[in-house]
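Trainee: Take a look at this one; I'll ask things after.
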Amino acid sequence: MSSAETLQAKDVSQMLLDKTGKALLSGDFETFEQCFALPHTIDTPDRKTILKTQSALRLMFFKVVADYRDRNVTDIIRFCEVAEYKDLTTIEATHISHMMAGSQRVIEPYPGFSVIKYIDDRWQLTATQYAVDNETNVGRALKNWDQDADNAAAPIGTAE
């Protein structure tokens, strides 16, 4: 890939990071939802979860929003580090996330990896991987997923 294509892939990734970060901080599910294709796979070191329905995505969104509020997160700073086209409609990208409460760091920065696909005339996230444990925002949202989701989503293979 040429450097122009790499910059364009980074721009797509950064746009999605910025848009989803703002949506999480403001509780704007409709904007957040537009950035995701279903099914959406979330991988952490502890588990793999597939969100197959809008209700599963909504539940995950509001669990993360609630965790941010509980931790007084005022800013989500995410930077795309590397992004490249795998084909004309697929980008793979890595980023670093920083969660801040004012000028204080809430948790240590952590890396993420995303698969982004061009579907229905827009770029959408189809899979994300987070190097997080059960004490970080996504990890905490997934920690009790089986009982909280009310069958909206569960570990791989069981969500509808």
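The values are calculated or read from the model by the stated rules, or taken from the named source; none is laboratory data. Owing to the predicted nature of the structure, the values given are computational and were not obtained by experimental measurement. Note that we place each Cβ from the backbone using ideal geometry, even for glycine, and neighbour counts take in every protein chain shown.
Trainee: I'd like to verify a number: residues in region 65-77 that are assigned to a helix (DSSP H, G or I) and surrounded by 18 or more Cβ atoms within 10 Å (Cβ to Cβ), how many?
Mentor: The qualifying residues number 3.
Trainee: From the list Leu88, Leu59, pick out the single residue that is over 13 Å from the mean Cα position of the chain (by Cα), under 19 Å from Ile119 (Cα atoms) and at pLDDT below 95.
Mentor: It is Leu88.
Trainee: Does region 97-153 hold any residues that are of a type in the set (A, V, I, L, M), in contact with a Phe, Trp or Tyr (Cβ under 7 Å, 6 or more places away or on another chain) and either at pLDDT 90 or above or closer than 16 Å to Asp67 by Cβ (or both), and which are they?
Mentor: Scanning region 97-153 gives Ile116, Leu125, Val132, Val138.
Trainee: Just checking, how many residues over region 30-56 are without any contact (Cβ under 8 Å) to a residue 40 or more places away in the chain and under 18 Å from Ala127 (Cα atoms)?
Mentor: 5
Each row is one residue, and each column tells you yes or no for (1) touching a residue at least 12 places away in the same chain (Cβ under 8 Å); (2) under 20 Å from Glu33 (Cα atoms); (3) among the acidic types (Asp, Glu).
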site	(1), (2), (3)
Val64	yes, yes, no
Asp67	yes, yes, yes
Tyr85	yes, no, no
Ala93	yes, yes, no
Pro109	yes, no, no
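Trainee: Scan region 78-92 residue by residue and report those that are surrounded by fewer than 19 Cβ atoms within 10 Å (Cβ to Cβ) and more than 17 Å from Leu24 (Cβ to Cβ).
Mentor: Listed by number, the residues that qualify are Glu81, Val82, Glu84, Tyr85, Lys86, Asp87, Leu88, Thr89, Thr90, Glu92.
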